[in-house]
Every structure is written in structure tokens, then in C-alpha cells.
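Before any comments, here is the structure.
Coordinate-derived values only; no laboratory data. Note that the coordinates shown come from a computational prediction; the quantities given were computed from them, not determined experimentally. When we count neighbours, we look across all protein chains shown, and the Cβ atoms used for this are built from the backbone with ideal geometry, even at glycine.
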Amino acid sequence: MDSKKRQVLPSGIIVVGTMSLLVCLAMSAYAIDAATLTATEAWRFDYGQTIFSDICSGAYETAGKSVLVDYATAVNRTQARLVGLDESHNVVFDFQYASPTPCATSFNAVPVPFEAMTFN
């Protein structure tokens, strides 16, 4: 994950990504205690360590606590993968598509709320 990719939630929790040099990317959220200057992992999603995406990836939590995980450079930087999690962090969708130029198709993906959308 790019070191600039982090999200501070209204609750004060910070969402960041971590990467093992050998395995994959994991998304984690941390609760920050400003009084003690400590952080505690609030949740973590690593998809069973099955996806490696070394740059341009992130996770975005909605007001309803669902999460959009954006693996922008999966499969040797040739595929983008968007994974939706419900409020319990269960996978509700997993969409993978070609992205021949790294970070060109899903970098900075944003959840779009469809609750109030109407179709004609």
C-alpha cells in the first residue's frame, strides 16, 4: 500500500494497509487512544493471504460500516480487484478485471451509496 493511503473514519479509527515482503496485502483499521498515544488493531482483512497487490491499494469504510477493498495491482500488476465487505466484514462481492497499466483503473476507488438511487 502506498504510504499516503490511509483513511481516518469519523469514529477516529485509522484504516491502513500492511504488506509482507513475501505474502500479500492486508487491510487493517486501528483505534487510536490520543491520551496514551497507543493504537489497537480494530479489524483486519487479508482475504486468506491470497491476493498480492504491492502498490496503490486501499480500503474505504462507508457510513453503514461496509468496506470497499481496492487491490489495484493484483496478479503481477495486470488485474485490478475490488472486494466488497458487509458490516461484519464478510465478502459480498469480488470483482476482478484487466488493468494492464498499474494503478490506472482502480486507484482511489470510492464506495458509491446506492440506497437513495432511483432508476428510470
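The modelled label-to-label distance between GLU41 and VAL75, using points 7 Å beyond Cα along the C-beta direction, is 2.9 nm.
What does the charge add up to near THR62, with Lys and Arg as +1, Asp and Glu as -1, over the other residues with Cβ less than 14 Å from its Cβ?
-4
Net charge near TRP43, counting Lys/Arg +1 and Asp/Glu -1 over other residues with Cβ under 14 Å of its Cβ? Net charge around TRP43: -3.
Note that the stretch 101-114 has calculated 3J(HN,Hα) couplings of 9, x, 6, 8, 10, 10, 4, 6, 4, 10, x, 10, x, 9 Hz, one per residue in order, obtained from phi through the Karplus relation 6.51 cos²θ - 1.76 cosθ + 1.60 (θ = phi - 60°); glycine and proline are x. On full extension, the segment bounded by ALA34 and GLN96 gains 18.5 nm, given 0.36 nm per residue less the C-alpha separation. Summing charges over neighbours of LEU85, with a neighbour being any other residue whose Cβ is under 14 Å away from its Cβ, gives -3 when K and R count +1 and D and E count -1. Quick one: which residues, 5+ away or cross-chain, put their amide H under 5 Å from the amide H of SER57? H built at 1.01 Å from N. For SER57, whose amide H was placed from the backbone, the distant partners under 5 Å are ASP2, ALA72.
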